[in-house]
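Visitor: Sharing a structure here in structure tokens format.
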Amino acid sequence: MREVLGALETGARERGGPLPAGGPDAVRAAWAGLLTPGALLPDRGVPGALGELTRALARTAADPADPACAAHLHVPPLAVAVAADLAVNALNPSLDSWDQAPGGVELEQAVVRTLTQLAGLPNGADGTFTTGGSESNLMGLLLARDRAEGTARRVVFCSDAAHFSVRRACALLGAEVRPVESDRYGRMDPRLLDWALADCRDLPVCVVATAGTTDLGAIDPLDALADVAARHRVPLHVDAAYGGGALFSRQLAPLLAGLGRADSVSLDLHKLGWQPVAAGVFLVRDRSALQPLELHAAYLNPEADEEAGLTSLLGRSLRTTRRPDAFKVAVTLRTLGREGLGALVDHCHALARHTAQRISESRDFELYTVPMLTTVVFRYGDSDEVNDALRRRLLAEGTAVVGRTEIGGAVWLKLTLLNPQAGEADLDRLLERVRAAGAAAAAQNRHR
Ligand SMILES: *Cc1c(COP(=O)(O)O)cnc(C)c1O
């Protein structure tokens, strides 16, 4: 542990910013000599490998703890959660059978119950931890597909701003995606969904709503969508991988009104929950919905064991060996409480509002829209090339990690603000760097 902590500090000091300066060549140079097969699998072991490799990892990291590292849903994990995960790593329990994790099995079920309450799901709701939103969405669509009766082509309705994992899951499951056009703010329009369902000649197996879209952090109108889905008797899955964390905040939780009406929900506590990856959660309204996943392996969880009260969690996951990611979550929830976590969410939201305000006051920048959660979408000037070039310039300098996306065919920059230790002055400085890189990129563009 001492070696790791020391090497983390040295590596971060050598990096000197949110990411290494100099791009991929400098990154390869920093790993010099450590990445050849001979170095990675020497005939005789190298006792100093832990410190050596940790230092190189930190030296070449994009560090989400730096306020200028603000591109993605990539959080600085809470120290208490990192430390809690260390206990799990040391004990190495696995949830696929009772006799590999007697306490872990109890704990995961309790944390899942707590989260079903937070989400407003009724008694009888249940769920499981997952690797993240992608796996949770796959599970929601798998269960919905298996519930649908009929032989027509299976179709899934979501907005065109839904996460790509919905499309991937449908490809795996043999279902077809029917995207419903979202509005300018990235929200699904319940009337368009209603019409699309009314027109559907195939077998609609699921409506997927998004609470916190990837580009804008937009939250679909969940109550209205639940009404439409219920009218057409189609299950509703809510992908709240990003926005679900707003439930901790008294101020923002009302944005998720209607979440408790979902048939299944995806949450990612490695986003607005500040957990080390992975801390995905999949919840179902009714425990019986998990039945298709039930599995008894003679060598893991024979039915006789289950009948004797030795519960295993093999039958609620797509995985077999599975670590108790619920442990770090339990430690976090109990240490910070709802108010503590809510305050972190509120701080990041306020930071996003502040940044958006600064952007809208500036003549160099254009703000896409007022942030709904913690994402700020904007651009420098009106040239796609300049916005792309300025972002890569910042990456090459090692001074900022800014996101990019495309909306309406244009390139936009994106700040996903998830660092509860960042302050307004940090964001003002970050915007200053973006402005300077924009001016340099625009000048270079003119010379070409
Ligand atoms: C992050 C995210 C996902 C994917 O989740 P992973 O944890 O990366 O698998 C899916 N949907 C939404 C809305 C997300 O924000």
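The values are calculated or read from the model by the stated rules, or taken from the named source; none is laboratory data. The shown structure was predicted, so the numbers you read here are calculated from the model rather than taken from an experiment. Here Cβ is always computed from backbone atoms with ideal geometry, including for glycine, and neighbour counts include all displayed protein chains. Accessible surface areas use protein heavy atoms only, side chains included; no ligands, DNA or RNA. Shrake-Rupley method; radii C 1.70, N 1.55, O 1.52, S 1.80 Å.
Visitor: Among (1) under 29 Å from the mean Cα position of the chain (by Cα); (2) away from the ligand (no atom under 16 Å from the Cβ); (3) under 30 Å from Phe327 (Cβ atoms), where does His72 come up short?
Guide: Among (1) under 29 Å from the mean Cα position of the chain (by Cα); (2) away from the ligand (no atom under 16 Å from the Cβ); (3) under 30 Å from Phe327 (Cβ atoms), His72 violates only (2).
Visitor: OK, next. If I ask for residues that are closer than 19 Å to Thr375 by Cβ and open to solvent by less than 30 Å² (accessible area, probe 1.4 Å), which ones from segment 59-91 would you list?
Guide: Those that are closer than 19 Å to Thr375 by Cβ and open to solvent by less than 30 Å² (accessible area, probe 1.4 Å): Pro64, Ala68, Cys69, Ala70, Ala71, Val75, Pro76.
Visitor: Kindly indicate whether Arg233 is open to solvent by 30 Å² or more (accessible area, probe 1.4 Å), within 24 Å of Leu142 (Cβ to Cβ) and either among the acidic types (Asp, Glu) or part of a loop (DSSP other than H, G, I, E, B) (or both).
Guide: Yes; evaluated as a whole, the condition is true for this residue.
Visitor: Just to check your reading of the model, which residue among Leu394, Leu351, Leu344, Leu333 is aliphatic (A, V, I, L, M), over 23 Å from Ala246 (Cβ atoms), at pLDDT 95 or above and crowded, with 17+ Cβ neighbours inside 10 Å?
Guide: Result: Leu394 is the single residue among Leu394, Leu351, Leu344, Leu333 that is aliphatic (A, V, I, L, M), over 23 Å from Ala246 (Cβ atoms), at pLDDT 95 or above and crowded, with 17+ Cβ neighbours inside 10 Å.
Visitor: I'd like the full set of residues that are under 20 Å from Gly133 (Cβ atoms), aliphatic (A, V, I, L, M) and open to solvent by less than 10 Å² (accessible area, probe 1.4 Å), limited to segment 181-225.
Guide: Residues satisfying the conditions are Met188, Val205, Val207, Val208, Ala209, Ala211, Ala218, Leu222, Leu225.
Visitor: Is there a residue in segment 120-129 that is within 12 Å of the ligand (Cβ to nearest atom) and either under 14 Å from Val329 (Cβ atoms) or not aromatic (Phe, Trp, Tyr) (or both)?
Guide: yes
Visitor: To continue, here is another question. Which of the residues belonging to segment 101-119 are away from the ligand (no atom under 16 Å from the Cβ), within 25 Å of Leu252 (Cβ to Cβ) and in contact (Cβ under 8 Å) with a residue 24 or more places away in the chain?
Guide: Val111, Val112, Thr114, Thr116, Leu118
Visitor: Additional query: Going through segment 245-277 one residue at a time, which ones are away from the ligand (no atom under 16 Å from the Cβ), part of a helix (DSSP H, G or I) and out of contact with any Gly (no Cβ under 7 Å at 6 or more places or on another chain)?
Guide: Passing the criteria: Ala253, Pro254, Arg261.
Visitor: Thr214: assigned to a loop (DSSP other than H, G, I, E, B) and among the β-branched types (Val, Ile, Thr), yes or no?
Guide: In short, yes.
Visitor: State which residue is nearest to Phe378 (Cα to Cα) when the search covers only segment 405-419 and only residues that are out of contact with any Ser or Thr (no Cβ under 7 Å at 6 or more places or on another chain) and open to solvent by less than 30 Å² (accessible area, probe 1.4 Å).
Guide: The residue in question is Leu413.
Visitor: Being more than 26 Å from Ser134 (Cβ to Cβ) and of a type in the set (S, T, N, Q) narrows it down to one residue among Thr320, Thr335; which is it?
Guide: The conditions single out Thr335.
Visitor: While we're on this one: Looking only at residues that are in contact with a helix residue (DSSP H, G or I) (Cβ under 6 Å, 6 or more places away or on another chain) and over 15 Å from Thr405 (Cβ atoms) in segment 359-369, which one is most open to solvent (accessible area, probe 1.4 Å)?
Guide: Asp364
Visitor: Pairs only if they're at least six apart or on different chains, beta carbon under 7 angstrom, first in segment 220-240 and among the β-branched types (Val, Ile, Thr), second within 16 Å of the ligand (Cβ to nearest atom) and open to solvent by 30 Å² or more (accessible area, probe 1.4 Å); list them, first residue then second.
Guide: If the second residue must be within 16 Å of the ligand (Cβ to nearest atom) and open to solvent by 30 Å² or more (accessible area, probe 1.4 Å), no pairs are left.
Visitor: Taking the options Arg250, Arg287, name whichever one is surrounded by fewer than 23 Cβ atoms within 10 Å (Cβ to Cβ) and within 20 Å of Pro371 (Cα to Cα).
Guide: Just one listed residue meets the conditions, Arg250.
Visitor: Please enumerate the residues belonging to segment 366-423 that are aliphatic (A, V, I, L, M), under 22 Å from Ala442 (Cβ atoms) and out of contact with any Lys or Arg (no Cβ under 8 Å at 6 or more places or on another chain).
Guide: Leu367, Val386, Ala389, Leu390, Leu395, Ala396, Val401, Ile407, Leu415
Visitor: Another question about this same structure. Report, by residue number, each residue of segment 141-177 that is assigned to a helix (DSSP H, G or I) and either within 11 Å of the ligand (Cβ to nearest atom) or open to solvent by 60 Å² or more (accessible area, probe 1.4 Å) (or both).
Guide: Arg145, Asp146, Arg147, Phe164, Ser165, Val166, Arg167, Arg168, Ala169, Ala171, Leu172
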